[in-house]
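The values are calculated or read from the model by the stated rules, or taken from the named source; none is laboratory data. Just so you know, these numbers come straight off a predicted model, no measurement behind them. Cβ atoms come from the backbone with ideal geometry, glycine included; neighbour counts cover every protein chain shown. Heads up: the accessible areas ignore ligands, DNA and RNA and are worked out on the full protein's heavy atoms, side chains in. Shrake-Rupley method; radii C 1.70, N 1.55, O 1.52, S 1.80 Å.
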Amino acid sequence: MVLHTAPYSSTCLLFLDGLSWSLVFPCYWLLDRLLASCVATSLEKRQRSQDPCSFLTLCVLISAPLYLLLLFASLPFALLGFLVWAPLQAIRQPYQYTYRRPDKHQIEQGQAGPGGVVTGEWRPQGRSFCFSSANVCLLPDSLARFNNLSDTHRRARDVGKRIRNGASRPQIKIYIDSPTNTSISAASFSSLATGFRRTSSLDQRPDQTHTTNGPADNDMEAPTECPIHPSGAIDCPAHPTTGVHSSSECPLHSEQADTTADCPLHSAENHSSPQCPVHTSGETTDCPMHSTGAHNGHHDCPVHREGPQAKPSADCPLHTSGVQISISAPEPETAEEEADTGNRHPWESGGDNGSMTASRESLARYHGSDGGIGISSNNTLSHVPRTSIFKRPGRKRRHGDETFDHEISAFFPANLDFLALQEVFDHGATTRLLRQLHRYFPYVLSDVGRYGWKGCCSRFKFLNSGLMLASRYPILDARYECYPNGRGEDALAAKGALFAKVHVGTSHQEQRVVGYITCTHLHAIEGDASVRCEQLDLLLQWGAEFRQSSSQSPEGEKVLEDLVAFDVVLGDLNFDNCSSEDKLEQQHALFTQYKDPCRLGPGEDKPWALGTLLDPSGLYDDEVNSAESLQKVMENEEGRKEYLVFPPSKSQCPASSQKGRKIPLKGNGRRIDYALYSDEGLPQDWKLDLEEFSFVTQLAGITDHLSVAMRLSVSTGEEEP
């Protein structure tokens, strides 16, 4: 199937659409500004109460009459444009597919090839894929204010930047030898061995002179101490029993314990390497810390001199499975984007979490199956120095007998592969968001849905579906379907489902390995359980039809059957698994075909599951206005009761604020954002496992939802040749 890269098949139709909308837009914009001036957010009310004669109040008093006057003046032009624009929407394409060619930086780092993301040959050990879903509430500004949010265009840019910075944030890989203890505390960053330097997006200032693959900073000095025996070390892994620096059994300083003259890390011939933690300037080809052999078989390793080893040795201080950390930084912002950030509100100073912090949630667990495949799991820039450290392991965040990790994270997962967004309604916001996301995701489906009428009996759609899907892997096929049973105000938007087929690899038999992703947003009005159940029925039906049609080969052509790696459903389903009013949806067949990682059964979530709907009245409180502060609040039971929306209670009016109420609360809030997966349809002997699930707070202050993310591991069951 040919993906739609333009709204219309004809340039003439595209011109007419643009011309007609240019006549409608002034009236649309003035109406939006007029309504926005009448609805204030809690932050604006607070500012006005503190200073009744503030500049903001004067602007509202002056601008509102002016908007009204200009609105009446623009009505004749808007009517003329509408008569041309509305009929054109019946033949408008249901989505727009955009592709951004990877830049030189992405190609050099192995994230993509010249023609796009490298899918690569499918290896027997399989791969892991990361998915995320977020409701970003990018409505027209006047409508967003009913959710206590404002300035939609600014928020759209911030949403894109935060997601991009989270997914491409300073990359940290952790290798740990203990199966029971794997956490790293914030203090570990201050106790790294000499030669380690933390970097972040804040370190990469545009006014600095550097390239993405340039040499190390000139102010970096080569350490004079061995990274195995740093100053003050008391628990050297080479001397686990004595903990002293001088030992005749030291594999590095075996002959001279008091000098580094003969140390293979400090040899006279090898004094420098751009990435070596010991030799941080110049070049060398023989240093065991950065030689190719040291990483593939260890035949140059001073400990593994006997021969190559397939796995790291427990006693080797260089290739230990203790903890090894590798860090990279995202690309710097452009001058245009830096200028845009000048108009930020004061409460957002801590909101952009693109930089690395000492939070333990910023640590990305290394997945061995990612190594050596098309999308690199390590985006480390060549000018960022690395080191190996040894840290006592911590504790895994698991519950009971579960086989996967779960967490409340202040960041979107590193190396995020697929992103599903809901409520991207505003056209200007879509453009700004798309510009940001394309700096990380080469393939995006946006502007999904239809406007106007489709057929004689359908209701007029003022808004599209609000869906968007971004991918690091090539999109092979896509389809959009609109739910026909919307009611009330929800019927004004073309809510529906977006189905996509992505190419994630190629087998040894030249068969394509593909995955299916569904992004959806269900009916939102409370009490309409039957409407949502009908939409879920359609979702399953349309999904089955899409998978069948997209797997059929063109007539007259014989091609090998595609191998399915995963089938995922992401989106805002607008019901939770705890409310008594949602019992009908909780028992739907969707949850027999797809697995919900947070669910124990109908009406019962797992103890660690978290609500994703935030109380709008508290969005600007100091306790939750940044990703890390919201993360801390969500980790506390009292904090969750204060800032999450809970299932309605008979003794509580659903429309009133929840802050400070004393009544018993069921569960951990309303979890209406879902990430589901299915292992049906996978080839025989293939296995799909959930590796981790996370609730993400990185969009704190700019949306009223928490995001969800999960990582799936797909293995073939074959042995490595």
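Taking the criterion of being open to solvent by less than 10 Å² (accessible area, probe 1.4 Å) and of a type in the set (A, V, I, L, M, F, W, C), the residues of segment 589-605 that qualify are LEU590, CYS598.
Just one residue in the set GLY116, GLY195 is surrounded by 22 or more Cβ atoms within 10 Å (Cβ to Cβ), over 30 Å from HIS406 (Cβ atoms) and modelled with pLDDT under 90; that residue is GLY195. Just one of the listed residues (GLU557, GLU534) is surrounded by fewer than 18 Cβ atoms within 10 Å (Cβ to Cβ), more than 29 Å from the chain's Cα centre (by Cα) and over 16 Å from LYS495 (Cα atoms), namely GLU557. Evaluated against (1) modelled with pLDDT of 90 or more; (2) in a loop (DSSP other than H, G, I, E, B); (3) polar (S, T, N, Q), SER651 falls short on exactly one condition, (1). Between ALA36, ALA64, the distinction of being at pLDDT 90 or above and in a helix (DSSP H, G or I) belongs to ALA36 only. Selection within segment 606-624: residues that are farther than 22 Å from ASP490 by Cα and in contact with a strand residue (DSSP E or B) (Cβ under 6 Å, 6 or more places away or on another chain). The member of this set that is surrounded by the most Cβ atoms within 10 Å (Cβ to Cβ) is GLY611.
Looking only at residues in segment 473-502 that are within 17 Å of VAL564 (Cβ to Cβ) and open to solvent by less than 20 Å² (accessible area, probe 1.4 Å), which one is nearest to the chain's Cα centre (by Cα)? Only one residue fits best here, namely TYR473. Considering LYS454, LYS396, the condition of being farther than 28 Å from THR697 by Cβ, in a loop (DSSP other than H, G, I, E, B) and modelled with pLDDT under 90 is satisfied by LYS454 alone. The test for being over 17 Å from ASP596 (Cα atoms) and touching a Ser or Thr at 6+ places or on another chain (Cβ under 8 Å) holds for ALA500. Among the residues of segment 489-529, write down those that are within 22 Å of ALA675 (Cα to Cα) and among the hydroxyl-bearing types (Ser, Thr, Tyr). Result: TYR516, THR518, THR520. Residues in segment 422-472 that are open to solvent by 20 Å² or more (accessible area, probe 1.4 Å) and aromatic (Phe, Trp, Tyr) were compared, and the one that is farthest from ILE672 (Cα to Cα) is TRP453. Whether a residue is more than 25 Å from THR612 (Cα to Cα), in contact with a Lys or Arg (Cβ under 9 Å, 6 or more places away or on another chain) and part of a helix (DSSP H, G or I) was assessed, and ARG435 passes this test. Reported count of residues in segment 63-88, each being farther than 14 Å from LEU23 by Cα, in contact (Cβ under 8 Å) with a residue 40 or more places away in the chain and open to solvent by 70 Å² or more (accessible area, probe 1.4 Å), is 1.
Please tell me if GLY18 is in contact with a helix residue (DSSP H, G or I) (Cβ under 8 Å, 6 or more places away or on another chain) and either assigned to a helix (DSSP H, G or I) or modelled with pLDDT of 85 or more (or both). When the stated conditions are applied, GLY18 does not pass them.
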